[in-house]
Amino acid sequence: MSAIEFNEMLVNNAGFLKPFAVNLTRDNEAANDLCQETLCKALANQEKYNAGTNIRAWLFTIMRNIFINNYRRRARQKTIFDNTPNEFLLDHQQAAIPNSAESNLRVKEIQQAVKDLPEIFKTPFLLYFEGYRYNEIAEALNEPLGTIKSRIHFARKLLKEQISRH
């Protein structure tokens, strides 16, 4: 496939990218950037396109991968520069001074709330908390999978209500 034919295919299918980009980003300007980045990457990787295959699917895959990679990159970059002369890196997630006494009280409060759960919710929740998967818990307790998911959901809801009251 010649470069001219490939470019024509890109131009003819570029209009389908914008709605998908808006759906991913929920922002018109970010969607424009995502479309542009997708077309640039498609042009740079023209040799990887197999002639005769669905170019829209290929473009949508490129766009989705760019969006996911950008999202992951932003999630990792929770640090900002402090404009003081030393240019320290700050981490938004970290508290300035950890308060171990307050943390210990919260842990005890959570442990008590779990202990106070009705047995029907407590057992599946604790198994899930220990790392078992839903289907493993369902087999161990000899209950349907949907029942286990429901009980764990209600256990979380009860814990959230119990802890928010304190």
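Yes/no matrix, rows are residues, columns are (1) surrounded by 13 or more Cβ atoms within 10 Å (Cβ to Cβ); (2) in contact with a strand residue (DSSP E or B) (Cβ under 7 Å, 6 or more places away or on another chain); (3) at pLDDT 90 or above; (4) within 30 Å of Ala30 (Cα to Cα):
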{"residue": "Phe88", "(1), (2), (3), (4)": "no, no, no, yes"}
{"residue": "Glu102", "(1), (2), (3), (4)": "no, no, no, no"}
{"residue": "Pro124", "(1), (2), (3), (4)": "yes, no, yes, no"}
{"residue": "Gly131", "(1), (2), (3), (4)": "no, no, no, no"}
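Of Thr61, Thr38, Thr53, all but one fail to be part of a helix (DSSP H, G or I) and free of Cβ contacts under 8 Å to residues at least 24 places away in the same chain; the exception is Thr61.
How many of the residues in the stretch 108-122 are assigned to a helix (DSSP H, G or I) and either surrounded by 11 or more Cβ atoms within 10 Å (Cβ to Cβ) or of a type in the set (Phe, Trp, Tyr) (or both)? Result for the stretch 108-122: 8.
The values are calculated or read from the model by the stated rules, or taken from the named source; none is laboratory data. The shown structure was predicted, so the numbers you read here are calculated from the model rather than taken from an experiment. All Cβ positions, even for glycine, are placed from backbone atoms using ideal geometry, and neighbour counts span all protein chains on display.
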